[in-house]
Amino acid sequence: MLYPESSPRLAPKPASKPASKRLLTVSNGHGEDVIAGQILQALRQQSADLGLAGLPMVGVGACYRNIGVEIVGPVQAMPSGGFIYMDGRELLRDLQGGLVGLTWAQIQAMRDWAQMGGTVLAVGDIVPLLFGWLSGLPYSFIGTAKSDYYLRDEAGTYKLGRVPPAGKRATASEPWERWLMTRSICLGVFPRDLITTQELQVRGVRAVDAGNPMMDGFEILPFNAAAPPQPLPLLLLPGSRTPEAYRNWQSLVAVLSGIMAVYPAVEFGVAAAPALDYKIMGEALTVAGWTAVAQDEYRHGAARLKIAATFMEMAQRATGAIAMAGTATEQFVGLGKPAIILPGSGPQFTPAFARAQTRLLGPSVTLVEDPEQVGPTLHKILTDPQQRRAIYDNGRRRMGDPGAAARIASQLLTWMGTGDQSLRTYPTPRTV
């Protein structure tokens, strides 16, 4: 049921703590939970007496539990892992797994929490945004899924031939999403990049460019025009979701020989999620002619390979990446480094997803469908200082600077009436 904006959906009960001191964060995916956790930790640092609660719509909310945030309502791991938009079969599996009943129970739990008043922070896509509106409370939104880069670049070059009619502007946001973002109880929106922020502002949304929390914790070094180091450090990203990650790993192993033909002395770092079985990954290497020399370390001629769950460390060190991952690829590109991506069989990293990622990340990623071309393509990029500089600038621009969680937290506290009022003018938009 839809309610007129002027009709309150809930009549908040008197609260023992002022409503402005209560915040419920709703998120719908593992990556979204991670971002939510970053924001909540930044909020704690800036306002110790803020009452925090979380409502993870997908999964069991480990990111919330790990930082001691109360979880409101039921949680359940869904078969899709949150990727129902990738494949209709994934949605069917979630429906069979109890998605409808779970969602209804979560709505009820949110409404119970909202009876005491407070603010809702929605993280993800239109689903948590809709939850924010249904709460009847003031809400804000961190949009992780939509970007106008999927449609055009800064120069106004449209992708996929989707040039809008004369006098019209194209945007990645849908009318119903903007309707939710322009309600009077919507405090504001934090898009993932500047180009999307500016387009939403044109359309009447109170959008703030505070950066992308995905880059928090990274150190972004100045551009280095010198030739890549030898041995060459490369990062391999098979993704984190099983069994897809194992299929992706087979594809990555298949391109290693072609890379070693160009760079015999190469050091591969494999950023493997803790949930992956390193023994299974090692068996694929052994079949391909690699020899184990230590725990989770392998050798093939002058090349070395190490499997570890140290993505941030490996990403900082690597010169380039061969990737079949979503968020990790975006973070690597944000460091100003090139990534070559290979299409997979899904359900996440499908050929369609890979093509969409090239639009989202622009010249920082190169889609290579022929495994034999990965080595030559990588060499061409790394030996062209001008292209590497363009990749560096593009990645920095599209992913933003570290520190977004603290900036978002500051703005949220201002909107909630508990922060430094001088922050009401923050932030000054970055220039593209």
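Listed here are the residues, each with its yes/no results for (1) buried (at least 21 other Cβ atoms within 10 Å of the Cβ); (2) among the acidic types (Asp, Glu); (3) at pLDDT 95 or above.
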site: MET181; (1), (2), (3): yes, no, yes
site: ILE185; (1), (2), (3): no, no, yes
site: THR196; (1), (2), (3): yes, no, yes
site: ASN212; (1), (2), (3): yes, no, yes
site: PRO228; (1), (2), (3): no, no, no
site: PRO231; (1), (2), (3): no, no, yes
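Which one of these does ARG162 not meet: (1) of a type outside the set (A, V, I, L, M); (2) modelled with pLDDT of 95 or more; (3) assigned to a loop (DSSP other than H, G, I, E, B)?
Every condition holds for ARG162 apart from (2).
Step by step: first the residues of the stretch 315-342, then only those that are over 20 Å from ALA390 (Cα atoms) and of a type in the set (A, V, I, L, M), then the one that is farthest from the chain's Cα centre (by Cα). Which residue is that?
Selected residue: LEU342.
Looking at the stretch 128-143, can you tell me whether even one residue there is closer than 24 Å to ILE39 by Cα and at pLDDT below 95?
no
Considering only the stretch 252-266, how many residues are over 19 Å from MET314 (Cβ atoms) and assigned to a helix (DSSP H, G or I)?
Within the stretch 252-266, residues that are over 19 Å from MET314 (Cβ atoms) and assigned to a helix (DSSP H, G or I) number 5.
Among the numbered criteria (1) surrounded by fewer than 20 Cβ atoms within 10 Å (Cβ to Cβ); (2) in contact (Cβ under 8 Å) with a residue 12 or more places away in the chain, which one does GLN201 miss?
So GLN201 meets the others, but not (2).
Starting from the stretch 282-296, keep only residues that are surrounded by 11 or more Cβ atoms within 10 Å (Cβ to Cβ), then list their pairs with residues that are aliphatic (A, V, I, L, M) and part of a helix (DSSP H, G or I) whose Cβ atoms are within a distance under 6 Å, requiring at least 6 positions of separation or different chains.
From residues that are surrounded by 11 or more Cβ atoms within 10 Å (Cβ to Cβ), the pairs are ALA284/VAL253; ALA288/VAL253.
In the stretch 348-376, which residues are crowded, with 19+ Cβ neighbours inside 10 Å and part of a loop (DSSP other than H, G, I, E, B)?
Within the stretch 348-376, GLN348, PHE349, VAL368 meet the criteria.
Out of the stretch 315-347, which residues are assigned to a helix (DSSP H, G or I) and of a type in the set (S, T, N, Q)?
Listed by number, the residues that qualify are GLN316, THR327, THR329, GLN331.
Only one residue in GLY344, GLY336 is touching an Asp or Glu at 6+ places or on another chain (Cβ under 9 Å), over 25 Å from ILE220 (Cα atoms) and surrounded by 22 or more Cβ atoms within 10 Å (Cβ to Cβ). Which one?
GLY344
Using the structure shown, decide if LEU55 is among the hydrophobic types (A, V, I, L, M, F, W, C) and modelled with pLDDT of 70 or more.
Judged against the criteria, LEU55 is a match.
Please specify each residue of the stretch 196-207 satisfying the condition of being farther than 16 Å from ALA404 by Cα and of a type in the set (A, V, I, L, M).
Across the stretch 196-207, the qualifying residues are LEU200, VAL202, VAL205.
May I ask you to list the residues in the stretch 288-307 that are part of a strand (DSSP E or B) and aliphatic (A, V, I, L, M)?
Residues satisfying the conditions are ALA292, VAL293, ALA294, ALA303, LEU305, ILE307.
Taking MET312, is it within 21 Å of SER364 (Cα to Cα), surrounded by fewer than 16 Cβ atoms within 10 Å (Cβ to Cβ) and under 21 Å from the mean Cα position of the chain (by Cα)?
Answer is yes for this residue.
The values are calculated or read from the model by the stated rules, or taken from the named source; none is laboratory data. Every value quoted in this text rests on a predicted model; they were computed, and no experiment measured them. Methodologically, a virtual Cβ is constructed for each residue, glycine included, from the backbone with ideal geometry; neighbour enumeration extends over all protein chains shown.
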